[in-house]
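Enquirer: This is the structure I want to talk about, given as structure tokens.
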Amino acid sequence: MAISQKVIGLFKKIPQFLKEVKIELKKVTWLSRQDVWRYTLIVVFFSLAVAAFLGGLDILFGFLIKKFLL
């Protein structure tokens, strides 16, 4: 019985939690659509740059291993 009482108590707290979440979300300073787009492009660019760099290293080390070790 004690466990079921805890579960019921937990479900009774959900509406209060959701009200507090709504209040806190109103306090958030959201980025503009333009800022989100700009930061997305920056992340994509750097992700591609890092992928190209690591791919280049992979090709280089693969070549060196085949040439000198195999």
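Yes or no, residue by residue, for (1) more than 24 Å from the chain's Cα centre (by Cα); (2) outside any helix (DSSP H, G or I); (3) among the aliphatic types (A, V, I, L, M):
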position: I8; (1), (2), (3): yes, no, yes
position: Q16; (1), (2), (3): yes, no, no
position: R38; (1), (2), (3): no, no, no
position: A51; (1), (2), (3): no, no, yes
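Enquirer: Now, a different point. Is it true that some residue in region 31-43 is of a type in the set (S, T, Y), surrounded by 10 or more Cβ atoms within 10 Å (Cβ to Cβ), out of contact with any Leu (no Cβ under 8 Å at 6 or more places or on another chain) and on the phi < 0 side of the Ramachandran plot? Walk me through how you get there before you give the answer.
Expert: Just the residues of region 31-43 that are of a type in the set (S, T, Y), to begin with: 32, 39-40.
Then drop every residue that is not surrounded by 10 or more Cβ atoms within 10 Å (Cβ to Cβ), which leaves 39-40.
Right, trim to out of contact with any Leu (no Cβ under 8 Å at 6 or more places or on another chain) and you get 40.
Of the ones still in play, those that are also on the phi < 0 side of the Ramachandran plot are 40.
Yes, because at least one residue in region 31-43 is of a type in the set (S, T, Y), surrounded by 10 or more Cβ atoms within 10 Å (Cβ to Cβ), out of contact with any Leu (no Cβ under 8 Å at 6 or more places or on another chain) and on the phi < 0 side of the Ramachandran plot.
Readers should treat all values here as calculations from the given coordinates under stated rules, not as data from a laboratory. Bear in mind that the values here come from a model prediction, so they are computed numbers and not experimental data. A quick note on method: Cβ atoms are made from the backbone with ideal geometry, for glycine too, and the neighbour counts reach across all protein chains shown.
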